[in-house]
Amino acid sequence: MTKTERIDHILERMMGIPQRDQAHSRPLESLVLTILSQNTTDTNSFKAFNALKNAFHGADGTIDWQQLVDAPREDIADVIRTGGLANQKSERIQNILCWIKREYGDYNIDFICDMDPLDVVNLFTTQKGIGVKTISVVLAFCCGAAIFPVDTHIHRICRRLGLVDDKFTAEKTFWAMQELVPKGKSFSFHMNLIYFGRIICQARKPLCEECPLTDECKR
Ligand code: SF4
């Protein structure tokens, strides 16, 4: 059994096997929401996303992407102000939408769910504002793809456990972990590490004396 498999088993014994919710948004909506969530809380990014939806919607209530692309950038920034970095995010969202329309002929990226997830990561990270975390979150949560997103918490825990080199960036950790995560476990292992980071292996004061992974940890 590999080290990652042992850790996965211990976490499953501790917290169970998280199941996916049914995906409830389209990949493009999910991508925009994930861009809005950069450097802010879920609450603020949802508020910004709903404000965007209210300001630029079509007759069916969904976002009218063309309206959003045609709108003055300052108007979009005003609408998404609650999500922070409003000027930067409004510029990036408009540029990404233009790229999608130019490359794929429509404001629709549903096709990414049928592609190899790592090919999608390589393709979409060519765009400013889309990092490996952003696109892998869309693939994992919206498409149900077998991909293991690495956020700041998972990056910290993987380094503490010695799964990756201590000097790795989050992006390097992402690529290394795609090889290490047990097959079929990308979603549950991701979710369990997130919970584990909240309740035990916290950023500032990890509760090592209560941790079931001390034998695996190099701290
Ligand atoms: S022993 Fe401490 S640092 Fe290591 S995984 Fe557990 S809580 Fe985190």
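The values are calculated or read from the model by the stated rules, or taken from the named source; none is laboratory data. Source: prediction; values computed, not measured. Neighbour counts are summed over all protein chains in view; Cβ atoms, including those assigned to glycine, are modelled from backbone coordinates with ideal geometry.
Based on what the data block shows, is PHE148 surrounded by 15 or more Cβ atoms within 10 Å (Cβ to Cβ), on the phi < 0 side of the Ramachandran plot and either not hydroxyl-bearing (Ser, Thr, Tyr) or not in a helix (DSSP H, G or I) (or both)? Outline the logic, then answer.
Details: surrounded by 15 or more Cβ atoms within 10 Å (Cβ to Cβ): yes; on the phi < 0 side of the Ramachandran plot: yes; either not hydroxyl-bearing (Ser, Thr, Tyr) or not in a helix (DSSP H, G or I) (or both): yes.
For PHE148, the condition - surrounded by 15 or more Cβ atoms within 10 Å (Cβ to Cβ), on the phi < 0 side of the Ramachandran plot and either not hydroxyl-bearing (Ser, Thr, Tyr) or not in a helix (DSSP H, G or I) (or both) - is met.
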Exercise. Just for the range 179-192: of the residues that are over 17 Å from the mean Cα position of the chain (by Cα) and part of a helix (DSSP H, G or I), which one is farthest from the ligand (Cβ to nearest atom)?
Worked result: GLU179
For this session: Test GLU171 against the stated conditions and say whether it is under 16 Å from the mean Cα position of the chain (by Cα) and acidic (Asp, Glu).
Result: yes
For this session: Go through the range 54-74 and give me each residue that's more than 18 Å from SER30 (Cα to Cα) and surrounded by 13 or more Cβ atoms within 10 Å (Cβ to Cβ).
Result: ALA71, ARG73
Exercise. Helices (runs of 4 or more DSSP H) wholly in the range 1-120 with at least 1 residues that are farther than 23 Å from SER136 by Cβ - which ones?
Worked result: 3-15, 42-55, 65-70, 73-79, 86-104
Seminar exercise, completed: Residue pairs within 7 Å by beta carbon, gap of at least six or interchain, first lying in the range 193-219 and more than 16 Å from MET15 (Cα to Cα) and assigned to a loop (DSSP other than H, G, I, E, B), second near the ligand (Cβ under 9 Å from one of its atoms) and β-branched (Val, Ile, Thr), listed first then second, are PRO206/ILE200; LEU207/ILE200
Problem set entry | Selected residue (criterion: nearest to THR125 (Cα to Cα)) from residues of the range 78-93 that are in contact with a Lys or Arg (Cβ under 8 Å, 6 or more places away or on another chain) and small (Gly, Ala, Ser) | SER90
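Any idea which of GLU171, GLU209 is surrounded by fewer than 18 Cβ atoms within 10 Å (Cβ to Cβ) and within 10 Å of the ligand (Cβ to nearest atom)?
Numbers: GLU171 fails: within 10 Å of the ligand (Cβ to nearest atom).
So the residue among GLU171, GLU209 that is surrounded by fewer than 18 Cβ atoms within 10 Å (Cβ to Cβ) and within 10 Å of the ligand (Cβ to nearest atom) is GLU209.
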For this session: State whether the residues of the range 105-114 include one that is surrounded by 13 or more Cβ atoms within 10 Å (Cβ to Cβ) and free of Cβ contacts under 8 Å to residues at least 40 places away in the same chain.
Result: no
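In the range 1-43, how many are in contact with an Asp or Glu (Cβ under 7 Å, 6 or more places away or on another chain) and over 29 Å from TRP99 (Cβ atoms)?
Step one: of the range 1-43, the residues in contact with an Asp or Glu (Cβ under 7 Å, 6 or more places away or on another chain) are 3, 6-7, 26-27.
Applying the additional criterion that residues be over 29 Å from TRP99 (Cβ atoms) yields 3, 6-7.
Summing the residues that are in contact with an Asp or Glu (Cβ under 7 Å, 6 or more places away or on another chain) and over 29 Å from TRP99 (Cβ atoms) in the range 1-43 gives 3.
Okay, residues lined up against (1) in contact with a Phe, Trp or Tyr (Cβ under 8 Å, 6 or more places away or on another chain); (2) crowded, with 20+ Cβ neighbours inside 10 Å:
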residue	(1), (2)
VAL121	no, yes
THR125	no, no
ILE130	yes, yes
CYS142	no, yes
GLY162	no, no
LEU180	no, no
LYS185	no, no
For this session: Kindly indicate whether LYS167 is assigned to a loop (DSSP other than H, G, I, E, B), out of contact with any Lys or Arg (no Cβ under 6 Å at 6 or more places or on another chain) and modelled with pLDDT under 95.
Result: no
